[in-house]
Each structure stands twice: as C-alpha cells, then as structure tokens.
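Heads up, the thing below is written out as structure tokens.
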Amino acid sequence: MKKTIALLCALVLVLSLCAACGSGSSSSASTADTSSELSTLEAGKLTISTSPDFPPYEYLDDNGSIIGIEPEIMQLIADKLGLELVIDAMDFDSALLAVQQGKSDMVVSGCTVTEDRKLVMNFTDSYTTAKQVVVVPEGSEITLDTLGDYTIGTQRGTTGFIYTSDDYGEDHVIGYDTYTLVFQALQNGQVDCVVLDDAVGEAFVAEIPGLEILETAYALEDYAFGVDKNNTALTEAVNNALNELMADGTVQSIIDSYISE
Ligand code: ARG
C-alpha cells in the first residue's frame with residue numbers, strides 16, 4: 001500500500017475543492033439508456049459518494065486518483081451492471097447525506113451497517129467485518145476502561161464518533177471532517193487518542209511514528225454499501241453483483257491484496 005503523509009494532507013485540499021463540485025443537481029434518469037435498464041441518478045452511470053481519507057478502503061494515490069478496496073470492488077460491480085462508475089469525493093458525513101438526498105446512488109465509504117442508517121438507506125449484504133480500535137501515543141496510560149477521562153478524536157458522522165459520544169458524552173469527543181485532520185490533532189496534542197476502524201488505524205500508525213493501537217477492540221462491526229432507499233432495483237442488482245464477487249473469491253482477494261495478516 002503506497003501512501004505518504006504528504007498525500008494524506010493533500011486530501012484536505014482535494015476535499016475542499018470537491019465541496020464546490022459535489023452538489024451539482026441531477027435529475028432522475030429514465031430507463032431510456034441502452035447500456036442498462038437500471039434507473040440511476042444519471043442514465044448509464046453509477047454515482048457513488050465516498051470520503052477518500054480511509055486507507056486501505058479508499059484513499060488517494062500519488063496522482064490524486066481515488067484507489068482502494070472499495071473502488072476496486074465497485075468498478076467490478078459497475079462493469080457487471082453495464083454502468084459507468086462515477087466517484088464523488090467529500091467528507092464522510094456528506095457522503096452519508098448524499099445518498100439520502102438524491103445526490104448519489106450509493107455511499108461507498110467503509111460504511112458500517114447500523115440500525116439508524118438502515119432507516120435512511122438500503123444496505124447490501126455485508127462484505128467484510130471491522131473493529132473500532134483506539135490509537136494512542138506510544139507508552140500512553142490510556143486504556144479502554146479509562147477512555148472516558150480523555151479527549152477522543154474521531155471523524156464526524158462515523159460510528160467511532162457516535163459510540164464514543166454516547167458512552168462518554170460529546171464533551172469528550174471532537175469530530176473532524178477527515179482522518180487526516182484527526183491524526184494532525186493527535187500529533188498536536190489537541191486530542192489524546194483516536195477511535196476508528198482497525199485497518200485504517202493500522203495504516204495511519206504505519207505512517208506516523210510514535211503511535212500504537214490498544215489491543216482490546218472497542219466495538220465490532222460489518223461493512224456494506226448503502227444504496228438510495230428509493231431505488232430497490234439498484235439495491236438488488238448491486239447486491240447480486242456483490243454476491244457473485246464474494247462467491248467466486250474476488251472480494252476476498254481484493255481485500256487480501258491491501259490487508260496482509
Ligand atoms: N466504519 C465507520 C462508519 O461507518 C467509519 C467510516 C469512515 N469512512 C471513511 N471513508 N472515512 O461510521
């Protein structure tokens with residue numbers, strides 16, 4: 001996995017640029033497009049919203065292109081459906097909102113399945129599991145039991161943010177737009193620790209010296225893709241394609257190419 005801190009920092013810039021272009025209005029497509037019978041936001045296209053600050057699931061390569069486990073899986077799904085994949089980058093909170101407000105067909109962003117989210121979007125089957133973990137400065141005294149005594153950094157809108165706010169109160173939690181900013185805050189001492197998804201925590205810890213991950217996980221979760229709640233046909237089609245890619249081992253081999261364990 002190739003990534004640099006400089007690259008992650010560049011994300012901040014990209015995200016602010018994308019904020020300007022992310023909300024273009026599009027009308028619902030008819031089924032007139034010949035490449036697909038599926039109705040999507042833009043005919044013939046599958047528009048997904050994502051927050052590409054989340055290596056190895058979605059992040060930027062040296063050229064600023066969005067790469068990672070999920071873009072790879074989604075490209076194969078779009079191919080199977082005969083749709084052109086369009087990836088819209090934004091912060092995570094906005095990516096969740098986009099699929100609820102008809103601004104994207106899907107949110108594909110390391111998205112954990114939760115009961116609350118099920119109310120506002122359709123989920124595909126889960127394609128992998130993850131854990132919420134705690135990243136601390138090396139040698140820190142923080143443990144899972146004393147987490148509530150500290151200031152916790154998270155990304156806004158994430159399960160890490162929601163769970164820690166519920167458990168310790170919002171006064172103990174600071175939510176940032178991107179994980180790049182979360183880890184800058186940790187390095188600057190603005191937060192004492194970070195709660196986030198395990199593989200992503202490992203990716204940042206590998207890049208930033210002096211950090212470690214607490215052994216005990218904070219929560220277990222399932223990742224899936226969130227689909228426009230009004231688009232049942234798309235949910236079904238994407239889910240079928242995803243299940244084919246899981247059944248033939250493709251999904252696992254993509255995951256294994258990014259996460260070695
Ligand atoms: N799995 C967590 C959630 O669904 C965090 C996802 C953050 N994703 C991202 N691309 N930054 O809330």
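The values are calculated or read from the model by the stated rules, or taken from the named source; none is laboratory data. The structure presented is a predicted model; accordingly, all values stated were derived computationally and were not measured. FYI the Cβ positions are ideal-geometry reconstructions off the backbone, even for glycines, and counts take in every protein chain you see. To get the accessible areas, we keep the full protein, side chains included, count just its heavy atoms, and leave off ligands, DNA and RNA. Shrake-Rupley method; radii C 1.70, N 1.55, O 1.52, S 1.80 Å.
Inspect all residues belonging to the stretch 142-154 and state whether any of them is of a type in the set (Val, Ile, Thr), under 17 Å from GLU221 (Cα atoms) and within 11 Å of the ligand (Cβ to nearest atom). Yes; the residues of the stretch 142-154 include at least one that is of a type in the set (Val, Ile, Thr), under 17 Å from GLU221 (Cα atoms) and within 11 Å of the ligand (Cβ to nearest atom). Summed over the stretch 45-75, residues that are within 18 Å of LYS103 (Cβ to Cβ), open to solvent by 10 Å² or more (accessible area, probe 1.4 Å) and assigned to a loop (DSSP other than H, G, I, E, B) total 0. Scanning the stretch 118-128 for residues that are part of a helix (DSSP H, G or I), under 15 Å from the mean Cα position of the chain (by Cα) and within 13 Å of the ligand (Cβ to nearest atom) turns up nothing. Check the stretch 104-115 and report whether any residue there is among the hydroxyl-bearing types (Ser, Thr, Tyr), in contact with a Gly (Cβ under 6 Å, 6 or more places away or on another chain) and not in a loop (DSSP other than H, G, I, E, B). No: the stretch 104-115 contains no residue that is among the hydroxyl-bearing types (Ser, Thr, Tyr), in contact with a Gly (Cβ under 6 Å, 6 or more places away or on another chain) and not in a loop (DSSP other than H, G, I, E, B). Taken together, ILE69, ILE73, ILE48, ILE87 contain a single residue that is of a type outside the set (Ser, Thr, Tyr) and away from the ligand (no atom under 13 Å from the Cβ), which is ILE73. Among the conditions (1) under 23 Å from PHE92 (Cα atoms); (2) open to solvent by less than 30 Å² (accessible area, probe 1.4 Å), the only one that LEU245 does not satisfy is (1).
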